[in-house]
Each structure stands twice: as structure tokens, then as C-alpha cells.
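The values are calculated or read from the model by the stated rules, or taken from the named source; none is laboratory data. Given the structure is predicted, the values throughout are model-derived calculations rather than measurements. Glycine also receives a Cβ, built like all others from the backbone with ideal geometry; neighbour counts cover every protein chain displayed. Ligands, DNA and RNA are stripped out before the accessible areas are found, and what is left, the full protein with its side chains, is counted by its heavy atoms. Shrake-Rupley method; radii C 1.70, N 1.55, O 1.52, S 1.80 Å.
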Number of protein chains: 2
Amino acid sequence: MEIAIPLHEDFTALDAVGPNEMLGRIPGNTVRWLAHEPGPVRSDSAGLQIVADAAFEDVPHPDIVLVPGGTGTHRFLDDDRILAWLREAHEHSTWTTSVCTGSLLLAAAGILDGVDATTHWTRTEKLERLGARYVKERVVHRGKIVTGAGVSAGIDMALTLAALIHGDDVAKTLQLASEYDPQPPFDAGTPDKAPQHVVDFLRDRALAVSP
Amino acid sequence: MEIAIPLHEDFTALDAVGPNEMLGRIPGNTVRWLAHEPGPVRSDSAGLQIVADAAFEDVPHPDIVLVPGGTGTHRFLDDDRILAWLREAHEHSTWTTSVCTGSLLLAAAGILDGVDATTHWTRTEKLERLGARYVKERVVHRGKIVTGAGVSAGIDMALTLAALIHGDDVAKTLQLASEYDPQPPFDAGTPDKAPQHVVDFLRDRALAVSP
């Protein structure tokens, strides 16, 4: 299957690289990294750049659309080229997926109107304002649309998708190959679990960037 | 702190991008992506390229050395430039770290002689043949050396390191920002937990690449 990952300036690299590590390793799958123009695209983290191998319009009908988010995503919610590409790609796709605030782009393109979806925990109201119905789950699967929560949830989303497409054994093979037996040293991965001052700090900072 | 990530052809992108997502977001930290030459470096997955911003020797004394592995790592275990850079960098570093088979490079450079360390589960004997003492843990911390197991373990390694350097609150902030509340759809992330035919398939394939 052909997987297309549309990048924009200040995307979050792990949103894209987590799922790529899973889906991109399945024999027969190819991954196309797209952007406004081919060439390096700056992520939102510490100078990391990933190379886009083509422009959006060069890959109009991928089998799987996989949209990462990022701290720069809010600047592209009215980007005509991205939104037009998403609408066209979604119309023909087998699967349309997102990680983190990538779902805001899907919603801005009208793809999530009235559809259950998830996003980064700081952006749930924004997702609803754009027409989707926020569901508080790490991975939300409705029809051919699969959305993942913030950043690291892309790995769980991709394993879920791999199982849907290729069966449980393939997903387990990807999980073992990447030794995905998570053991975070703390249990602070959701606002329900993290200390309140940590939650407040991040929510205030997120709202300062884009209310 | 200055963090240096040395890349080689066919590195595993998630080995590097997972920890970068954590450590690179701490205010005041800078991440340098290094390679034999500046420019795009091909990862071992599906055409993903990350841009190196400098050559190894341009950043001789980073505070943190973070070495990713990959399916191409075995071809660089006698690479004079990488090994010389690792020895020099480790001599001056505050922390020397690796993810997955990145520890094989540290061992090949003589940095892990008699030192407890971990690596990808298919490469434990190779690590020992290179002089380290394999420890079956996801993150192994000995003195200033912190090694992580395969691929996704880099995220746990980086959170452990963030807590050691900056305290628990910073690590929890990084965990919540990346919504790292893992919920893999299966429990197959280690050879003890995965189905035996999945374990055998991956071990045979790994040994075919590099015994």
C-alpha cells in the first residue's frame, strides 16, 4: 500500500515517525513524505528536519493518508493546498488517519463533520469547534477514519491499523521488532494522571500559542 | 545542554526521534544531527531521510551523546571516523547514551568494556562479543552511561535521563506533552511475551542480516 504523510512547517516529528516505524516496515508498503515543495521540512523540535520527496499534488491518491500534527498546525488550518489535497486524497483513500493535532487539519478540510475523533488533550475544544465529535480515547476508529491522541499515540494508532489491515500477527511482529514494551518511569501521560501544576503549565502554554 | 545524535546510513529513525522528542523540547537544550557529511541521511525505513546539520568532527564535545542503532549499524562497527568521534565525545561528555543497536557502536569503540548495557533483543550476544555485559532491562544506567533496549525503548530511556538531569517534574511534563500513556493493542513487545513463531521469524531475519 502507498502511505502518504503530508508535512507542514513545525510538524511534530514523532507524530509521523512513530507510525512510519510500524507501517513503513510492512513488506510491499511504500511511504511518501509530502510537503508544499520537495526538500527538507523543519519540525517543531530542536532543528530536526525530515526530507519531503514530493509535493502534495504529486501523490493525489494514496491508499493511506497519515496526517501528523505539531505546534505549527494551527497556521495551516486555512491552507488551501493542504485542505484541497486532504479532500481529494480522502475521497479515494482506503484509510484516512491522523495523529495528535493532525485531526484538526482533517476537521478543517470537512472530513470529520459529525465524526467521532480524537486529538492532543490540549486541543479537544478546538477539534469540536471544527465540527468533529471529540472522543476521549487514545485511538478512535470509525469507518475508514482512524485518529490517534497526542504525539506518542501514533504508535498505538499504527499498530491498531496494521492489525485491521494485515491481521494480528503482523501487528505483533511490528511490536516485537520495535521492542514496544513500554515502561515509562512515571505515570503522567494524561491530564487525569499528571500532577495538576504540570497540567496547568502545559495547558496555559498551549493556549498561548493558539486559543 | 548540547545533545549530539550521530547518524549513519540505515539508522532507525524512531531510535533517534523518540528521545529527541523528549530531550530536544527542554528549554536551553540544542540537538545537533551529525553524519559523515552534512545533508540528508537515509534511514532504514521506507525512504525516510533526516537532515544532518554538521559532520561528526564539527561537534567534538557535546554534553550528551545519543547513539541510535539500525539495520545498517553492523556495517559501521569498524568505521574509524564514527569510533574515533565516539571515543573523543565520550571522554568529555556528561552523559553517553544509546538506543537499540547504538550500544554496539559504543561497545565497538571500547566504551562499554566490562560495562552493564542493553541493546535490541536480537543483538544481545553480539553486544557481549564486543565486550559489554548484557543486562536484560529496558533502560540500563551505570555511571554516566545510559543504554536503552530496542527502538521504542529510547522514549523510556530519554524520560529516565530527563529525570536524572532535570528532575521528575520536567520528565512528567515531557511525558504529558507527548501524551505518553502507552496502550499497545497487543502485549507482544518482548520475546518472552510474543508468540513463538513471531520471535523465530524476527530472530532468523536478524541473524540473516548480521550474525
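All conditions in (1) open to solvent by less than 40 Å² (accessible area, probe 1.4 Å); (2) in contact with a Lys or Arg (Cβ under 6 Å, 6 or more places away or on another chain) hold for A:ALA52, with the sole exception of (2). Restricting segment B:28-49 to residues that are free of Cβ contacts under 8 Å to residues at least 24 places away in the same chain and open to solvent by less than 70 Å² (accessible area, probe 1.4 Å) leaves a set whose member that is farthest from the other protein chains (Cβ to nearest Cβ) is B:GLY39.
Within segment B:74-89, is there a residue that is within 14 Å of chain A (Cβ to nearest Cβ), open to solvent by 10 Å² or more (accessible area, probe 1.4 Å), among the hydrophobic types (A, V, I, L, M, F, W, C) and farther than 29 Å from B:VAL170 by Cβ? No: segment B:74-89 contains no residue that is within 14 Å of chain A (Cβ to nearest Cβ), open to solvent by 10 Å² or more (accessible area, probe 1.4 Å), among the hydrophobic types (A, V, I, L, M, F, W, C) and farther than 29 Å from B:VAL170 by Cβ.
Considering A:GLY154, A:GLY114, the condition of being at pLDDT 95 or above and buried (at least 24 other Cβ atoms within 10 Å of the Cβ) is satisfied by A:GLY154 alone. State all residues of segment B:125-151 that are part of a helix (DSSP H, G or I) and open to solvent by 30 Å² or more (accessible area, probe 1.4 Å); if no residue qualifies, say none. Within segment B:125-151, B:GLU125, B:LYS126, B:GLU128, B:ARG129 meet the criteria. Consider segment B:194-211 and keep the residues that are outside any helix (DSSP H, G or I) and either touching a residue at least 60 places away in the same chain (Cβ under 8 Å) or at the interface with another protein chain (Cβ under 7 Å from one of its Cβ atoms) (or both). The one that is surrounded by the most Cβ atoms within 10 Å (Cβ to Cβ) is B:ALA194.
Restricting segment A:8-20 to residues that are more than 11 Å from chain B (Cβ to nearest Cβ) and crowded, with 20+ Cβ neighbours inside 10 Å leaves a set whose member that is nearest to B:ASP15 (Cα to Cα) is A:PHE11. Taking B:LEU23 as the residue in question, decide whether it is within 11 Å of chain A (Cβ to nearest Cβ) and of a type in the set (A, V, I, L, M). Spelling it out, B:LEU23 is indeed within 11 Å of chain A (Cβ to nearest Cβ) and of a type in the set (A, V, I, L, M).
Right, A:THR173: of a type outside the set (A, V, I, L, M, F, W, C) and not in a helix (DSSP H, G or I) or not? Against the criterion (of a type outside the set (A, V, I, L, M, F, W, C) and not in a helix (DSSP H, G or I)), A:THR173 does not qualify.
Tell me, please, whether a residue that is within 24 Å of B:THR71 (Cα to Cα), touching a strand residue (DSSP E or B) at 6+ places or on another chain (Cβ under 6 Å), open to solvent by less than 50 Å² (accessible area, probe 1.4 Å) and at the interface with chain B (Cβ under 7 Å from one of its Cβ atoms) can be found in segment A:161-176. Looking for residues that are within 24 Å of B:THR71 (Cα to Cα), touching a strand residue (DSSP E or B) at 6+ places or on another chain (Cβ under 6 Å), open to solvent by less than 50 Å² (accessible area, probe 1.4 Å) and at the interface with chain B (Cβ under 7 Å from one of its Cβ atoms), one finds none in segment A:161-176, hence no.
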